[in-house]
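The values are calculated or read from the model by the stated rules, or taken from the named source; none is laboratory data. Since the structure is predicted, the reported quantities are computational estimates derived from the model, not experimental observations. Here the Cβ positions follow ideal geometry from the backbone for every residue, glycine too, while neighbour counts run over all protein chains shown. The area values use the complete protein model at the heavy-atom level, side chains included, leaving out ligands, DNA and RNA. Shrake-Rupley method; radii C 1.70, N 1.55, O 1.52, S 1.80 Å.
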Amino acid sequence: MKPNSDYLTFSASDFAGDEAFQDWVLRPNEENETFWKNFTSEHPSKKVEIDGARMLVHSIQFKKELPTDTQVEESLQKALEHINAKGHKIRRMTPLTVWWAAAAILIILATGFYFLGNRDNGMDLPVVAQQNTKQDIAPGGNKAMLKLEDGTTIVLDSANNGMLISQGNTKVVKQDNGKLVYESSTLTPQSTTLQYNTLSTPRGGKYQLTLSDGSKVWLNSMSSLRFPAVFIGSERIVEVTGEVYFEVAHDAKKPFFVKYEDMVVKVLGTNFNVQTYTDAPSIEVTLLEGAINVSKADKEALLSPGWQAGIGQSGTIKINKQANIDEVMAWKNGNFVFARANIQTVMRQLSRWYNMEVHYEGNVTAHFGGTISMNVPVSKVFEMLEMTGGVKFKITGNKVIVLPGK
Amino acid sequence: MPIDSTIWSRISQNDQEAYAVMYREYYKRFYNYGKKIISDENLIEDAAHESLLLVWEKRSSLMEVKFPGTYFYSAFRNSLITRIRQQKSAELPDASLEDPGFNAEQMIFEREMGAEIKKQLEQAILNLTPRQREAIFLRFYEGLSFEEIATVLNITTKATYKIVARALAGLKEILPYPTLILVTLFSEILNF
């Protein structure tokens, strides 16, 4: 309610446009009834305007069109099925879940680490010779390289499945579908020094890793994780670049830390994503489940599920409490998800997965939203984007020209 | 039935029954809202379904927001407009890129009045912009606050005030004062 002095100068349409007045006319309750009754009796000179305004507000109506009950129920059933389908299960707090839920941190650190960006060492995604005549660029796949403490490097794409090496009492096993598992045996005595390994993915690569404590890590393209073969001591510390998702295994006695330069994420029990690509405007840490503490220099922030911390160049930490989890986690599920993204953001993400040279001709002002599998040639992605009418693409070899739609 | 905070709270705790209650309520509201903009039921149902699934997805953050419902009105509107655009450009590549607006026929005057006044009012409603009609619909019918309407329409709160004020001023001009008032005035004059 505005102060009485304001209302005294109101015309009828002023009253009609006033939020509090409208609430009284349309949704009377004890509070507003009392206020307006008092006001009218104290200021009879305004009665004309008030009555005129009441009449106006009352008279404005809208046609009412409702769905049938059947329509509503069918839609609801579809939604409930979707929610309860595989992949959307509500986590039940069984003892096993409690143990795993301790720390799933999705840390996507976009550090723009161009590992294996050099064509000469042959790790780049090749432009596939097309069976059909249409120009296209193939999607990426499970590619990574593992570098051991002593400098030995193993290319995981071409390595055979099974045990690759053993480090002390830890066996490193390569499994199908781009997974690497560190199996720690407790039988033999542990070494007292940390043996650091680095897993890195090239452009167009992705890989999954299980650490010796059971924590699971997913690496997106152009990313890396530096970690000890076995965690020794009272802390578990790893370092990342690029985009990495963590599901950290619970161990209250050994807190888990993820570091990128001077940024530290302390895991208090969660699933979270960290994105630190240097060509992205800021570092983003997104929390899915549990709690994490993000700190950089002298600033820190405690995150709750669904929150995203954006760490700017200047070191400020901005919290977005309504992170678009679908968009953030899309890559782990093998999808691109765009939510009102501009063309630069879209092309930036695509460039990490598809080996292409992007050129812009003209100004694309449209924004894009949608989901598409990552496991398709780039022409399919372009098809979807072109459907909006906001952009057009031309592919020549691995050169892509981006043009405005119309 | 209004969706109060206990329903949102229960949804945020994975309560599917509460979700169903909210779903039924909001589905009807979105359907009615969608019908003001376009008649194609399939597009409306898809947009409503999509935005309501979003509620479940975002359920852990529901209690962080003051009015969770508003966010989903916005999602519904955006989803509907996007789908309309997609369908338009698919069917008629050269079609105008102007977004569909709030249908003038959907806004009516409920009052006994002379034919002449009625005609003038109907013309006045046609003269309103689609945005003005939509803002008034969201305020009067859906009961969203000006601030919430601003979020849904992607404009500032100040702009929302202006839009509504201008619309009401235009309509008020045409409406005569209620006869009760005229009688009162006359009686005052006579008594004096």
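Between A:Asn342 and B:Asn127, the simple label model (points 7 Å from Cα in the Cβ direction) yields a spacing of 4.0 nm.
Per DSSP H run of at least 4 residues, take -39500 (n - 2.57); add these up for chain A, divide by its residues and hand me the 222 nm value, nearest 500 deg cm²/dmol. Present the calculation step by step, with values, prior to reporting the outcome.
Values: 10 runs with 90 residues, N = 406.
Helices in chain A give a 222 nm mean residue ellipticity of -6500 deg cm²/dmol.
Cβ-Cβ distance of A:Asn160 and A:Asn333, R₀ of 35 Å, FRET efficiency by 1/(1 + (r/R0)^6): the value works out to about 0.80. Only Lys, Arg, Asp and Glu carry charge here, each on its Cβ (+1 for the first two, -1 for the last two); on that basis chain A has a dipole of about 1040 debye about its Cα centre.
For A:Thr40 and B:Val21, what does the FRET efficiency come to when R0 = 30 Å and r is the distance between their Cβ atoms, rounded to the nearest 0.05? Spell out each step's value before the answer.
Values: r = 39 Å, r/R0 = 1.29.
Efficiency for this residue pair is about 0.20.
Calculate how steeply helix A:47-59 sits against the longest principal axis of the alpha-carbon atoms of chain A, using the helix alpha-carbon long axis, and give the answer as 0 to 90 degrees to the nearest 10. With both axes taken from Cα atoms, the answer is about 50 degrees. For the chain pair B and A, the buried solvent-accessible surface (1.4 Å probe, both sides summed) amounts to about 5000 Å². Helix A:30-42 axis versus longest C-alpha principal axis of chain A: approximately 40°, rounded to the nearest ten.
Hey, if we sort A:Glu74, A:Glu33 by accessible area with the 1.4 Å probe, largest down, what's the order?
On the way: A:Glu74 125, A:Glu33 60 Å².
Largest accessible area first, the residues go A:Glu74, A:Glu33.
Helix A:69-84 and the longest principal axis of the Cα set of chain A meet at an angle near 30°.
Quick check: residue separation of A:Lys254 and A:Ile319 times 0.36 nm, minus the Cα distance between them. What number comes out in nm? Walk me through the numbers on the way to the answer.
Values: separation 65, 0.36 × 65 = 23.40 nm, distance 2.71 nm.
Separation in residues times 0.36 nm, less the Cα-Cα distance, equals 20.7 nm.
For the residue pairs A:Lys392/B:Lys36; A:Lys318/B:Lys58; A:Lys179/A:Lys392; A:Lys296/A:Lys399; A:Lys147/A:Lys259, alpha carbon separations beyond 29 Å are given by A:Lys392/B:Lys36; A:Lys179/A:Lys392; A:Lys296/A:Lys399. Mean per-residue shielding of peptide B:57-67 is 4, counting Cβ atoms of other chains within 10 Å of each Cβ. With the highest mean first, a sort of the peptides A:152-163, A:362-373, B:38-49, A:171-182 on other beta-carbon atoms found within 10 angstrom per residue produces B:38-49, A:171-182, A:362-373, A:152-163. Give the Debye-formula value of log10 I(q)/I(0) at each listed q (0.06, 0.13 Å⁻¹), with one equal scatterer per alpha carbon of chain A, two decimals each. Those come out to -0.38, -1.09, one per q.
Given Cβ point charges of +1 (Lys, Arg) and -1 (Asp, Glu) and nothing else, what value in debye, to the nearest 20, does the dipole of segment A:199-271 about its Cα centre take?
Numbers: 9 positive and 8 negative charges, 25 e Å.
Taking the Cα centre of segment A:199-271 as origin, the dipole is about 120 debye.
Among the listed pairs A:Lys171/A:Lys254; A:Lys37/B:Lys66; A:Lys174/A:Lys299, those with a Cα-Cα distance over 32 Å are A:Lys174/A:Lys299.
Would you mind giving the mean number of other chain beta-carbons within 10 Å of the Cβ of each residue in A:64-76, as a whole number?
Working: counts 5, 11, 6, 12, 1, 2, 0, 6, 8, 4, 2, 9, 7.
Across A:64-76, the average partner-chain Cβ count within 10 Å equals 6.
Which aspartates and glutamates have a Cα less than 12 Å from the Cα of A:Lys321, not counting those fewer than 8 places away in the same chain? Result set, ordered by chain and number: B:Glu64.
Neighbouring Cβ atoms from other chains, within 10 Å of the Cβ of residues in A:46-58, number 4 on average.
For chain A, a Gaussian network of Cα nodes joined below 10 Å ranks A:Val337, A:Val57, A:Val240 by mean-square fluctuation, and the top entry is A:Val57. Karplus-based coupling profile of segment A:275-280, in residue order and whole Hz: 10, 10, 4, 6, 8, 8, with θ = phi - 60° in 6.51 cos²θ - 1.76 cosθ + 1.60 and x standing for Gly or Pro. Across segment A:232-384, the relative contact order, built from alpha-carbon pairs under 8 Å that are at least six residues apart, equals 14 percent.
Note that segment B:156-167 has calculated 3J(HN,Hα) couplings of 7, 4, 4, 4, 5, 4, 4, 4, 5, 4, 4, 4 Hz, one per residue in order, obtained from phi through the Karplus relation 6.51 cos²θ - 1.76 cosθ + 1.60 (θ = phi - 60°); glycine and proline are x. If only the Cβ of Lys and Arg carry +1 and only the Cβ of Asp and Glu carry -1, the dipole of segment A:209-358 around its Cα centre is close to 120 debye.
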